[in-house]
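Here is the structure we will look at, set down as structure tokens.
The values are calculated or read from the model by the stated rules, or taken from the named source; none is laboratory data. What you see is a predicted model, and the numbers here were worked out from it, not measured in a lab. Don't worry about glycine lacking a Cβ; one is built from the backbone with ideal geometry, like all the others, and counts go over all protein chains shown. The protein model used for the area step is the full one, side chains on, heavy atoms only, and it has no ligands, DNA or RNA in it. Shrake-Rupley method; radii C 1.70, N 1.55, O 1.52, S 1.80 Å.
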Amino acid sequence: MAKKNSAKTDKKSKAPLEPQAVKERKKAPAAPVETPVEAAAVEKPVAESEPAAKAVEATAAESEPAAEVTAAEPVEEAPAPEPVCTSPRRSVAFIGSECYPFVKTGGLGDVMYALPKALVKQNCDVKVILPRYKCIPWEYQEKMIYRGAFNMDLCADGRSYYVGIMEYVWDGVVYDFIDNEEFFSSGNPYTNLIDDIPKYCYFAKAALAALNYMDWIPDIIHCHDWQAALIPVYLRTKFVNTKLTTAKTILTIHNLRFQGIYNIPTIRYWSGLPDYVFNKDALKTGRNDANMLKGGLTYANAITTVSQTYAGEIQSAWYGETLDAHLRYHAGKLRGIVNGIDYDIWNPETDACLPAGYNTSNVLEKKRENKRKLQEELGLVQDDGKFVIGLISRLTNQKGLDLVNAILPQVVDDYTQVVVLGSGDKVYEDSFRYYENACKGRVCANIMYDEARSHRIYAGADALLVPSQFEPCGLTQLIAMHYGTIPIVRETGGLKDTVEPYDMRNNSGNGFTFDRYDAGLLLDAINRAKAFYFDQRKHWDEMVLRDMEKDLSWENSAKQYKDLYLSLT
Ligand code: ADP
């Protein structure tokens, strides 16, 4: 999943950064709403000059009684959906760095939106805690209401930072945004490690401090990826004397490649964590580096990742991203739970982005219509008899794009078109642009992030390529199947768990697969799909229907998360 710029390979060795040297604190509010600072001054004055000893723990302890804090009325008070399950109620704080529709760079954003909604139906009381990035669209910013503010110490030198809480309630889920302009004012959630390390140290501690401040003590604190990985560490160190310690923590790995690694002095400075957590069983890695994800894995009560196959793979040296031994050591608390898709957003029948909505009764006819419109929109030759292959992806080497580039000229022909939608590494952006030019009318490279266009490609394409090197779960193959688009995938991670290969003896399966990471095998899988499409259309159409009818909803997975919550509490 996402987080992308903060890959461990980006790490730079630097001395602890002075806060002012990182970014100048901006005084102006992010948006013309009631500024939290001013509001804080009225409702809950916090002296900037408070001594460092008034740490966040103290701040939380001194905060106003819960009744007063919770008195603020949400603007959009949607009635919580009726719980459909009778299992005991649990409260869950969901903490991560992105969430659709506020901010999304990849699958993490989808999960942070859809899973809490699904958990509400499993009788969970869910609060999602996110950074209040400046790039969150105004339509959401303007609906947020101020819940309070306080100062929190953070760095080893005791400097304190403003923490504002802005709230938005939607579909039975409460979203609390941590507000601080110094950390969250850039246009993109992820920039570079120099900024991201302080940003997510701050976020992890502020999220816990906000829970304390609101006196909302959840049964479970569910953290996502390295940006929230310090939370279990903070909980068992800096917050050990607060009410929050009763909470159990879960850390979900959406993509092990991103770990939040930097030199120990910098992370020690910014996190303010005690020296003893920088040992080789917790945060320390290599000679002088600290790994935020590794620390979280050590301190969390349970670890999950987003498919069973990936849970096994990451314990091997090949997929383990240098944490395989650490994960093997913690294997007893690690399990895989596959992602689902949100049927309210991904529904071909009601999808407002599509020229022609459809369901299983009219998919064959309507998909042709969507294909023609897509070809028209993208400047491709308009012919619904052509085989259209889509690729919707971040353009990074994880996604198997070297394989695609190696064989693209052999894939496109008089009967086949390829549509790419993605952005990322320049080398891939340029190569797809090159192919668009070299294969005019047959290849279309949309080098951009465009949510609405992605919907139209899912609906208008016949097949979708996902040839990833590794894929923790993968959502694009799930969405494709739900839209009656046949996935062509490499058998790894969640792709292996969700796409059953076509079996001609039983006429079963959901797509076409290949195992080794090899361009020839990818080409072979595409050619098998093509031959199936042109020569055995009846069976192809049956597969389209099978895929659309496959249960890819969150319900099953949400039940498994709920069982995990119950087993921990
Ligand atoms: P990852 O999280 O590794 O990027 P996933 O398959 O888990 O991959 O999730 C990708 C999500 O991002 C899907 O919802 C997909 O539709 C969306 N997506 C990826 N690239 C684009 C793009 N260029 N434009 C629109 N949506 C995109």
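Mind telling me which of the residues Asp497, Asp551 ends up being of a type outside the set (A, V, I, L, M, F, W, C), under 25 Å from Lys117 (Cβ atoms) and surrounded by fewer than 17 Cβ atoms within 10 Å (Cβ to Cβ)? Going through Asp497, Asp551 in turn, the sole match is Asp551. Answer yes or no: is there a residue in region 136-148 that is open to solvent by less than 10 Å² (accessible area, probe 1.4 Å) and assigned to a loop (DSSP other than H, G, I, E, B). Yes, region 136-148 contains at least one residue that is open to solvent by less than 10 Å² (accessible area, probe 1.4 Å) and assigned to a loop (DSSP other than H, G, I, E, B). Picking from residues in region 379-397 that are of a type in the set (A, V, I, L, M, F, W, C) and within 16 Å of the ligand (Cβ to nearest atom), the one that is farthest from Glu365 (Cα to Cα) is Leu395. Against the conditions (1) part of a loop (DSSP other than H, G, I, E, B); (2) of a type outside the set (A, V, I, L, M, F, W, C); (3) surrounded by fewer than 20 Cβ atoms within 10 Å (Cβ to Cβ), Asp195 satisfies every one except (1). Of the residues in region 82-99, how many are in contact (Cβ under 8 Å) with a residue 40 or more places away in the chain and either more than 16 Å from the ligand (Cβ to nearest atom) or open to solvent by 30 Å² or more (accessible area, probe 1.4 Å) (or both)? The total comes to 10. Answer yes or no: is there a residue in region 279-290 that is touching a strand residue (DSSP E or B) at 6+ places or on another chain (Cβ under 7 Å) and in contact (Cβ under 8 Å) with a residue 60 or more places away in the chain. There is at least one residue in region 279-290 that is touching a strand residue (DSSP E or B) at 6+ places or on another chain (Cβ under 7 Å) and in contact (Cβ under 8 Å) with a residue 60 or more places away in the chain. For region 234-259, filtered to residues that are open to solvent by 20 Å² or more (accessible area, probe 1.4 Å) and in contact with a strand residue (DSSP E or B) (Cβ under 9 Å, 6 or more places away or on another chain), the residue that is nearest to the ligand (Cβ to nearest atom) is Lys248.
For region 475-483, indicate whether the set of residues that are in a loop (DSSP other than H, G, I, E, B), near the ligand (Cβ under 8 Å from one of its atoms) and among the aliphatic types (A, V, I, L, M) is non-empty. For region 475-483, residues in a loop (DSSP other than H, G, I, E, B), near the ligand (Cβ under 8 Å from one of its atoms) and among the aliphatic types (A, V, I, L, M): present.
Here Gly493 fulfils each of the conditions (1) in contact with an Asp or Glu (Cβ under 9 Å, 6 or more places away or on another chain); (2) on the phi > 0 side of the Ramachandran plot; (3) more than 11 Å from the ligand (Cβ to nearest atom) apart from (3).
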